[in-house]
Amino acid sequence: MKGFAMLGINKLGWIEKKNPVPGPYDAIVHPLAVSPCTSDIHTVFEGALGNRENMILGHEAVGEIAEVGSEVKDFKVGDRVIVPCTTPDWRSLEVQAGFQQHSNGMLAGWKFSNFKDGVFADYFHVNDADMNLAILPDEIPLESAVMMTDMMTTGFHGAELADIKMGSSVVVIGIGAVGLMGIAGSKLRGAGRIIGVGSRPVCVETAKFYGATDIVNYKNGDIVEQIMDLTHGKGVDRVIMAGGGAETLAQAVTMVKPGGVISNINYHGSGDTLPIPRVQWGCGMAHKTIRGGLCPGGRLRMEMLRDLVLYKRVDLSKLVTHVFDGAENIEKALLLMKNKPKDLIKSVVTF
Ligand code: NAD
Ligand code: ZN
């Protein structure tokens, strides 16, 4: 089969590989729609995972089952399925402790285009199909469905980690697809005021669609000052970080109220440490909580997100600005995520 791969850092291309083979509990899936992720860009062009040679890229896909192992009970060949980007091993102490993302090692629940070949291929392997796949109903279009696998689960996890209460004031820093889903998730959890921090007009418009009540442009000066002005010097209850760099954490600590929560779902790609400003953190005594997490995957998570889409609690179609048909467009779609033209939120390739 063919797959679109990272040949090494900064090197991309199509390669031939043997078809994957399912273990007794696994499935082989043929993709129907895939989407490149900002994380694929971190992987290839920033060496975020270290070097990977001839590793097929991609971790966002919906598809059709081509083969199942002998012990798979709930899925059969031909089923259309949602494949979460996080596909944990469900037998581990970390899972028993409530952290599927870190099953058998920190971040080890994320396997596609990390520890094994990804989804930009004719076929890909899914471990533990009964626990990691969810049926995709016909009512949900493929382009929207593929947004559940990473963008929605990640952004919604941002709102979960932030522990949004009814009426909470929330700042979402970074309004790419992940931050936009942080806004949508915050609204669903009952946030009051939601301030989106971003600059590109397409993202600003979409942020308002998903529930942002205010927008702050980080290119117009210090965002802490702007947010303090908007909140009469009080700051906000919750901050979700879905963009920015190390300094963004310092800003978040400064703008969150005592007792507030900062929820990071952003990838921090440089430096050995992240700054926590001492005084703004109450010299360690401000009850300001900092959390960060990888998106949850698995079947139950996907079924629950699927119902939010199916019953029209959230419309994922607004995230997808560029759709291509045919596998030959994967490179073009991926490079869009690198070059981020003004009108882009997410690109999708259908088959
Ligand atoms: P994106 O690049 O589309 O969005 C990030 C946005 O932040 C961009 O629009 C960028 O212009 C903006 N930005 C940059 N600097 C900023 C600043 N100082 N203040 C405010 N905004 C700023 O990326 P995305 O797909 O939305 O993903 C966001 C982050 O989440 C990425 O780092 C990605 O790797 C990470 N991610 C994490 C998980 C997870 O499980 N935790 C999953 C998927 C993606
Ligand atoms: Zn991703």
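For every residue, the table says whether it meets (1) in contact (Cβ under 8 Å) with a residue 60 or more places away in the chain; (2) among the aliphatic types (A, V, I, L, M); (3) not in a helix (DSSP H, G or I).
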{"site": "Gly297", "(1), (2), (3)": "yes, no, yes"}
{"site": "Met302", "(1), (2), (3)": "yes, yes, no"}
{"site": "Arg313", "(1), (2), (3)": "yes, no, yes"}
{"site": "Ser317", "(1), (2), (3)": "yes, no, no"}
{"site": "His322", "(1), (2), (3)": "no, no, yes"}
{"site": "Asn329", "(1), (2), (3)": "no, no, no"}
{"site": "Lys338", "(1), (2), (3)": "yes, no, no"}
{"site": "Asp343", "(1), (2), (3)": "yes, no, yes"}
{"site": "Val348", "(1), (2), (3)": "yes, yes, yes"}
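When the residues of region 82-107 are narrowed to those that are closer than 29 Å to Ile140 by Cβ and of a type in the set (A, V, I, L, M, F, W, C), which ends up surrounded by the fewest Cβ atoms within 10 Å (Cβ to Cβ)?
At the first step, the residues of region 82-107 found to be closer than 29 Å to Ile140 by Cβ are 82-90, 95, 98-101, 103, 107.
Still in the running and of a type in the set (A, V, I, L, M, F, W, C): 82-83, 85, 90, 95, 99, 107.
Working: Ile82: 25, Val83: 30, Cys85: 28, Trp90: 18, Val95: 19, Phe99: 17, Leu107: 14.
Of everything passing the filter in region 82-107, Leu107 is surrounded by the fewest Cβ atoms within 10 Å (Cβ to Cβ).
Tally the residues that are surrounded by fewer than 18 Cβ atoms within 10 Å (Cβ to Cβ) and away from ligand 1 (no atom under 13 Å from the Cβ), restricting the search to region 209-229.
6
Among the residues of region 95-110, write down those that are more than 16 Å from ligand 1 (Cβ to nearest atom) and either at pLDDT below 95 or on the phi < 0 side of the Ramachandran plot (or both). Working first, answer last.
Narrowing region 95-110 to residues more than 16 Å from ligand 1 (Cβ to nearest atom): 95-98, 104.
Within region 95-110, Val95, Gln96, Ala97 qualify.
Any chance region 94-115 includes a residue that's more than 16 Å from Asn10 (Cα to Cα), over 16 Å from the mean Cα position of the chain (by Cα) and within 15 Å of ligand 2 (Cβ to nearest atom)?
yes
Looking at this structure, is Glu143 in a helix (DSSP H, G or I), acidic (Asp, Glu) and open to solvent by 40 Å² or more (accessible area, probe 1.4 Å)?
yes
Take the residues in region 170-179 that are within 12 Å of ligand 2 (Cβ to nearest atom) and of a type outside the set (Val, Ile, Thr), then tell me which one is least open to solvent (accessible area, probe 1.4 Å).
Per the criteria, the residue is Ala177.
Scan (1) more than 30 Å from Asp343 (Cα to Cα); (2) crowded, with 16+ Cβ neighbours inside 10 Å; (3) without any contact (Cβ under 8 Å) to a residue 24 or more places away in the chain for the single condition Met285 breaks and write down its number.
(2)
Give the residues of region 1-57 that are open to solvent by 10 Å² or more (accessible area, probe 1.4 Å), of a type in the set (A, V, I, L, M) and assigned to a loop (DSSP other than H, G, I, E, B), sorted by residue number.
Within region 1-57, Met1, Ile9, Val21, Leu49 qualify.
Which of the residues spanning region 231-260 are part of a strand (DSSP E or B) and either open to solvent by less than 10 Å² (accessible area, probe 1.4 Å) or closer than 19 Å to Ala212 by Cβ (or both)?
If the condition is that a residue be part of a strand (DSSP E or B) and either open to solvent by less than 10 Å² (accessible area, probe 1.4 Å) or closer than 19 Å to Ala212 by Cβ (or both), then Val236, Asp237, Arg238, Val239, Ile240, Met241, Val256, Gly260 are the ones that fit.
Assuming Asp163 fulfils every condition listed in (1) over 26 Å from Leu249 (Cα atoms); (2) in contact (Cβ under 8 Å) with a residue 12 or more places away in the chain apart from one, which condition is it?
Failed condition: (1).
With (1) more than 16 Å from ligand 1 (Cβ to nearest atom); (2) modelled with pLDDT of 95 or more; (3) under 24 Å from the mean Cα position of the chain (by Cα) as the list, and Asn51 as the residue in question, which single condition is left unmet?
All conditions pass for Asn51, except number (2).
Among residues belonging to region 59-93 that are within 16 Å of ligand 1 (Cβ to nearest atom) and not hydrophobic (A, V, I, L, M, F, W, C), point out the one that is farthest from Tyr123 (Cα to Cα).
Taking the candidates together, the pick is Pro88.
Filter region 123-169 down to residues that are in contact with a Phe, Trp or Tyr (Cβ under 9 Å, 6 or more places away or on another chain) and charged (D, E, K, R) and give me whichever is nearest to ligand 2 (Cβ to nearest atom).
The extreme case among them is Asp128.
Within the set of pairs 6 or more residues apart or between chains, which connect a residue that is in contact (Cβ under 8 Å) with a residue 60 or more places away in the chain and on the phi < 0 side of the Ramachandran plot inside region 3-20 to a residue that is open to solvent by less than 30 Å² (accessible area, probe 1.4 Å) and of a type outside the set (A, V, I, L, M, F, W, C) with Cβ atoms less than 8 Å apart?
Correct list of pairs: Gly3/Gly118; Phe4/Gly13; Phe4/Gly58; Ala5/Gly13; Met6/Thr43; Met6/Ser113; Lys17/Gly3.
Residue check: is Gly271 among the small types (Gly, Ala, Ser), more than 20 Å from the chain's Cα centre (by Cα) and either open to solvent by 60 Å² or more (accessible area, probe 1.4 Å) or within 11 Å of ligand 1 (Cβ to nearest atom) (or both)?
Details: among the small types (Gly, Ala, Ser): yes; more than 20 Å from the chain's Cα centre (by Cα): yes; either open to solvent by 60 Å² or more (accessible area, probe 1.4 Å) or within 11 Å of ligand 1 (Cβ to nearest atom) (or both): yes.
Judged against the criteria, Gly271 is a match.
Of everything in region 58-93 that's hydrophobic (A, V, I, L, M, F, W, C) and within 16 Å of ligand 2 (Cβ to nearest atom), which residue is farthest from Pro31 (Cα to Cα)? Explain how you work it out, then say what you get.
Just the residues of region 58-93 that are hydrophobic (A, V, I, L, M, F, W, C), to begin with: 61-62, 65-66, 68, 72, 75, 77, 81-83, 85, 90, 93.
Filter once more, so that each one left must be within 16 Å of ligand 2 (Cβ to nearest atom): 61-62, 82-83, 85.
Values: Ala61: 6, Val62: 6, Ile82: 10, Val83: 9, Cys85: 13 Å.
Result: Cys85.
The values are calculated or read from the model by the stated rules, or taken from the named source; none is laboratory data. Bear in mind that the values here come from a model prediction, so they are computed numbers and not experimental data. Cβ sites come from the backbone with ideal geometry, for glycine too, and all protein chains shown count toward neighbours. Protein only, heavy atoms only, side chains kept; ligands, DNA and RNA dropped before computing areas. Shrake-Rupley method; radii C 1.70, N 1.55, O 1.52, S 1.80 Å.
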